1. Take each uninterrupted DSSP H stretch in the chain, measure its Cα extent along the helix axis, and return the ones at 30 Å or beyond whose mean Kyte-Doolittle hydropathy is at least -1.0.
2. At 0.36 nm per residue, minus the direct Cα-Cα distance, what do residue 252 and residue 271 gain on full extension? Give it in nm, one decimal, please.
3. Pairs of lysine in the stretch 11-298 with Cα under 28 Å and at least 8 positions apart or on different chains: total?
4. To the nearest 20 debye, what charge dipole does the chain have about its Cα centre, counting +1 at the Cβ of each Lys and Arg and -1 at the Cβ of each Asp and Glu?
5. Out of the total accessible area of the chain (probe 1.4 Å, heavy atoms of protein only), what percent is carbon and sulfur?
6. How high is the relative contact order of the chain? Use alpha-carbon pairs under 8 Å, at least six apart in sequence, and give a whole percent.
7. Between residue 168 and residues 5 or more places away or on another chain, which pairs have amide H atoms under 5 Å apart, with H built 1.01 Å from N, and which residues are they?
8. Let me check I've understood the local charge: for residue 271, count other residues with C-beta under 14 angstrom from its C-beta, Lys and Arg +1, Asp and Glu -1. What total comes out?
Amino acid sequence: MAQDNFSRVTEFILVGLFDTQELQLLFFTFFLLAYAMVLLGNLLIIVTIRTDPKLSSPMYFLLCNLSFIDICYISVTTPRLLVAQLSGHKAISFENCIAQLFFLHFVGSSEMFLLTVMAFDRYTAICRPLHYTAIMARGACWALVAACWLGGFIHSIVQTVLVLQLPFCGPSTIHSYFCDVPPVIRLACADTALTEWLMASNSGLISLVCFLVLVASYALILAKVRAHLCQGHWKALSTCASHVMAVTLLFMPCIFTYLRPAGTSPSNRYVCVIYTILSPLMNPLIYTLRSSEMKESMWRLWKR
């Protein structure tokens, strides 16, 4: 009955990243260029892989899916950020805020699972090459990708339910440029201690466990390469090194953000830029510039 007396919040105010007009214009240009590069770069990767029969290995199949996820991931937050900086309209309805929160965790956790699958693919290719074709058959790859999306959906549903069961009666200012679980639940008109710990044990542990699995797979690959030093293995190690750079940009800020109760410290909206904008921006650069096969295929596509 007490919650019935609350005037439910119908919209939130996203404060954005910067308060001064000069910085807003500067970073509007940067974010617009980053968004365009992510869209064009990942679309180029998808088209190249889909049109070149030579890029039919499981690694490129997974890379094609990663490019699609990156397009979806950056599109959840960046367009609204650009519109807000250009128009000055920072309000977002409660329903749109929840939708943004849902899709952010849906696509973001799916990407984490997919990066873990890609690490398993590299481990299998290097450490168990004789069984690689059987283990990473096309049907198995489709099943693994479907499991990544399903896992991301289940995770996102849990996070969204944690937020929806809270009452919001004001204040309505979110100290970030997008709706996420930590800054939103700080605005709840109720004791959120249990919700904060559930959020940390869900998002935080998923980020940490996936990252530890990645680290373990790279450690095994490194041990294998050191035991068998040859050109093929060094090429595989170079691929894994670029993979480490990509996953570090995504996982470390997520672990820092989610593996703690939301009320223990204020949110750092600048850290969020790393895993919402910089990570999708770096993925096409890392995965294409480090692969001679991808560069050759892109050059053939350009000539056609």
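The values are calculated or read from the model by the stated rules, or taken from the named source; none is laboratory data. A quick note: this is a predicted structure, and the numbers were derived from the prediction, not measured. So basically every Cβ, Gly included, is an ideal-geometry build from the backbone, and we count neighbours across all protein chains shown. Quick note on the areas: whole protein, heavy atoms, side chains included, nothing else; ligands and nucleic acids left out. Shrake-Rupley method; radii C 1.70, N 1.55, O 1.52, S 1.80 Å.
1. Flagged H segments are 21-51, 58-87, 94-127, 138-164, 205-227, 231-258.
2. 5.9 nm
3. Value for the stretch 11-298: 6.
4. 1220
5. Whole-percent figure for carbon plus sulfur exposure: 70.
6. Reported relative contact order: 27 percent.
7. The answer is 9, 189.
8. It works out to a net charge of +1.
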